[in-house]
Each structure stands twice: as C-alpha cells, then as structure tokens.
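The values are calculated or read from the model by the stated rules, or taken from the named source; none is laboratory data. The structure displayed is predicted, hence computed values, not measured ones. All Cβ positions, glycine included, derive from the backbone under ideal geometry; neighbour counts span all protein chains shown. Areas reflect the complete protein model, heavy atoms only, side chains present, ligands, DNA and RNA absent. Shrake-Rupley method; radii C 1.70, N 1.55, O 1.52, S 1.80 Å.
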Amino acid sequence: MSHIFPRAPRSLPPTAVRGEGVYIYDSTGKAYLDGSGGAAVSCLGPGDRDVAEAIRRPSETLAFAHTGFFTSEPAEALADRLAAHAPPGLDRVYLVSGGSEAVEAALKLARQYFLEIGQPERHRVIARRQSYHGNTLGALATGGNAWRRAPFAPMLVETSHIAPCYAYRDRRDDESLQAYGLRVADELEAEILRLGPETVAAFVAEPVVGATAGAVPPVPGYFARIREICDRHGVLLLLDEVMCGMGRTGSLFACAQEGIAPDIVTIAKGLGAGYQPIGAALCTGASYDAIVAGSGFFQHGHTYNGHPTACAAADVVVTKLTEGGLAERAGTMGGRLRDALEAAFGQHPNVGDIRGRGLFLGMEFVRDRETKEPFDPDFGLHRKLKAAAFDAGLICYPMGGTIDGRRGDHVLLAPPFIIEDDHVGEIVKKLGRALDTVL
Ligand code: PLP
C-alpha cells in the first residue's frame, strides 16, 4: 500500500522511473511523449549534464545558507543573469521555490510598496476571469477560474475580475481585433474608477493565458492600453509569466512581444526546467528603492528562498535559453507544431480554435464550429481526452471550464524545447488517435 497522498486518490498514477529526450518511461517500460512538459515545466528534457553538475557543486560545498543571514554565489549569479535579460527597468530578483510563492511575494510587494510611499489605502487587486495564478490562498483569490475558486470562496480575499482578452469567443463580428482589445482593456479603467483609484494597488494578468484558458494570446494593442491605464491611475502592473515565461513563447519573457514592461513579473516552472523547484518575482528599482528608503525590510520570506542548488540549476537553464538559443528554438519549433496542428485539425468538425505562441499552443473543442457551442460539461471531454492520450503514450494538458469555469474544453500543448520534427508528427498522430477514441 502506498502512503503517498496523491492528487486523485481514486485513480492512482503509474510510477515514473526515467526520462530520455522528450519521453518519460514508467515502471512497466511504457514510453510517454511529454507533449506538455508536465505543466509547461520541462524545457530541456532530462539528463542535462551541465544542470546536473551545477546542482552537485553547491550540494557538496554549501548545501544551505539561510537568506536571513547570507546571500550565496549561485543566487547572485542567477539574479545577475535574470536582470540582464529582464524587461527594461526590472533589476531586482526575489527568489522563491515555485509559481504560487512567486505570485504571493509579488502581491505582498505591491501592497508594501504603497505603504512605503505613503499610499496606505491602496490594497485592492484587479485580475481577469479565466486566469490562474496558483493554489495558495492569495494566488487563488487572484485567479479568476470559477471552478478552482468555488470550494475555498469563503476564505479568499475580495478581488475584482474583469474580462479576459479572449478574441475567439468575445470579439464581436463588427469589431477589429484591435478595437476588441481596447474595449476589454478599458474594462480595467472602468473597474479602477468604480473601486476608487486611490484604493487599487495592482492589476494582475498572464500575458498568454495558460492552464485555465488554453494558450490564449492577447490581441495587438491590448497590453499597451493596459500599461497606459495602470500608469494613469498609479496602479502597479503585475504580469504572471510563471507558465508562459522562460522562453516558452519564443522570447525569454513573454511580455517582450507586447512591447511593454510590467512593474513586477513572476516566473517559475521553466526557470528550473523541472530539475529544481524555483521561482522568482522581479521588480523595478523604484519598488525596491521605496522599501530601502522606507522600512528597509520586505515583510515576507520563506525558509528555502534563494536555495543554492536551485539557483545554480536555474542559472544554467537560463544560460541555455538565452546564449544557447533554446528560447528562439521554442519559437521555431512552435511554428512547426502549430502548422502540423493546423494541417491535421484545422478542418476538424470539433476543433473551434488553434492558438498560442511558440511551444505554448492550445486547441479549443466545440460541438459545432459554426455556433461555437461547447460540449456538455457532463460529457467530461477533457478528462476523457487526457486518459485516451495517456493510453496512447502522449502526455498533454486538457482542461475544462475554458469559457467560464464550467463550460468549454481545451488541450494545452507545451513540449520541451529540444523537440524534433519526428516528435511533432508523433504528438499530432497520438492526439488524433485520442480524439477519435473520445469523439
Ligand atoms: N501562475 C501561473 C500562470 C501558473 O500557470 C501557475 C501554475 O500552473 C502558477 C502561477 C502556480 O505555480 P505553482 O504550481 O508552481 O505554484
């Protein structure tokens, strides 16, 4: 009998024993092509000797030094490297152990910043429906996915949620993409004015929405308008790149493709490439300086902040993504995977939309392509698809509630950046087989 408390106790998963290239093998020897990098985590694949060596060194020489007492060479090196490649102005790096921790740190940093500069009324957070920002209570409150929030609703701090930028469903026929983007971005201004600008601390958004919407990119001009609105009302722009960042969309930071810089950006997942649990919140010198000049102390922290082995691994990962050209490769291979998906499923009667950027791609399923009517949630399309794909030897990331937390189904594909052309064909073939089984 296992003593593990699994995610879904009624369906116990197989035991993973090794990885090779883009494959994971279970204890029976069955191979699974990792078409979603777990949950957009694995970007290098397993067995990278440079990362393994980077982890070994601090394990043997330092292991641990609490950040309440010390900084460390691996943490300094990683922060330097991230700052060198970060969006303009973001040059301070707060290191944590994962995505939810990064979001919690960012939210508290935004709040404390306003305390330090003498605007103590600013505490409200505005985010978007159909976003996911993590499962800890602060991050969960920020996320806008109704299904994930519902059981814990009485425990969540009040947060405003405006519309996502979701052109496939919400753009009107008489609207250009740009006009649609401005209309939904302007919801932010309306909500800031409704709440009272002097009470709003931050607006939080994923540049490309991942888990809960299926790789939904913004339309041109959307984030430029969002930046303008935040600036006009003194609200901090917090971009959550935990899933879409670290090269996944073809650039190290996803927001680079929007031509804007946030005040705070969160990263995790691909930062450790699955080798080590690590995340970070990067902020501007202005936010940092406000704390230095004010209380001199960020009232936050976790025991494992800036862990040396995690930082050493992440420093090698970021080097490979940037100098090693792997982020760029995600852009190129993403184009090929997208073309292959279009060729195989572009005319499929139940595929309504194929979307995304780089190796961060999604397909939304519909009962009817004309009306965009979704499948009945009771049919459980996403659950069935996940099981059928897994049977066929493909790991992908289907999810339900795409439209409103209840209706709609999509699948997210986010394979490692080392993927080759043959793997692209294999993903499409196995996904097609799984879809045939389910539909
Ligand atoms: N933010 C985004 C955009 C995510 O996709 C996730 C996880 O999927 C998180 C935050 C939470 O990250 P973690 O699961 O590492 O806590």
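Scanning the stretch 100-130 for residues that are more than 11 Å from the ligand (Cβ to nearest atom) and of a type in the set (V, I, T), which turns out least open to solvent (accessible area, probe 1.4 Å)?
This residue is I126.
Within the stretch 21-36, restricting attention to residues that are within 14 Å of K430 (Cβ to Cβ) and in a loop (DSSP other than H, G, I, E, B), which residue is most open to solvent (accessible area, probe 1.4 Å)?
K30
Just to check your reading of the model, which residue among P13, P46 is part of a loop (DSSP other than H, G, I, E, B) and over 20 Å from K320 (Cα atoms)? Break it down stepwise before answering.
Values: P46 fails: over 20 Å from K320 (Cα atoms).
P13 is the lone residue from the list that is part of a loop (DSSP other than H, G, I, E, B) and over 20 Å from K320 (Cα atoms).
Do you know which residues across the stretch 342-385 are of a type in the set (D, E, K, R) and without any contact (Cβ under 8 Å) to a residue 24 or more places away in the chain?
Of the stretch 342-385, the ones of a type in the set (D, E, K, R) are 342, 353, 355, 357, 364, 367-370, 372-373, 376, 378, 383-384.
Within the stretch 342-385, E342, R367, D368, R369, E370, E373, D376, D378, R383 meet the criteria.
What helices (runs of 4 or more DSSP H) completely inside the stretch 301-405 contain at least 3 residues that are open to solvent by 60 Å² or more (accessible area, probe 1.4 Å) and outside the structural domain of I162 (by TED's automatic domain parsing)? First the steps, then the outcome.
Values: elements: 308-321, 326-345, 381-391.
Result: 326-345, 381-391.
Please enumerate the residues belonging to the stretch 230-246 that are over 18 Å from V216 (Cβ atoms) and either in a strand (DSSP E or B) or open to solvent by 20 Å² or more (accessible area, probe 1.4 Å) (or both). I'd like the intermediate steps shown before the answer.
If we filter the stretch 230-246 for residues that are over 18 Å from V216 (Cβ atoms), which is where we start, we get 230-238, 246.
Answer for the stretch 230-246, where residues must be over 18 Å from V216 (Cβ atoms) and either in a strand (DSSP E or B) or open to solvent by 20 Å² or more (accessible area, probe 1.4 Å) (or both): D231, R232, H233, G234, L236, L237, L238.
Restricting to the stretch 223-273, name every residue that is more than 23 Å from D315 (Cβ to Cβ) and within 13 Å of the ligand (Cβ to nearest atom).
Residue satisfying the conditions is L238 alone.
Here's a check for you: in the stretch 274-285, which residue that is within 13 Å of the ligand (Cβ to nearest atom) and over 13 Å from A102 (Cβ atoms) is surrounded by the most Cβ atoms within 10 Å (Cβ to Cβ)? Lay out the reasoning, then the answer.
Here is the first cut: in the stretch 274-285, the residues within 13 Å of the ligand (Cβ to nearest atom) are 274, 276-281.
Cutting the leftovers down to over 13 Å from A102 (Cβ atoms) gives us 274, 276.
Details: G274: 21, Q276: 19.
Across the stretch 274-285, the extreme among qualifying residues is G274.
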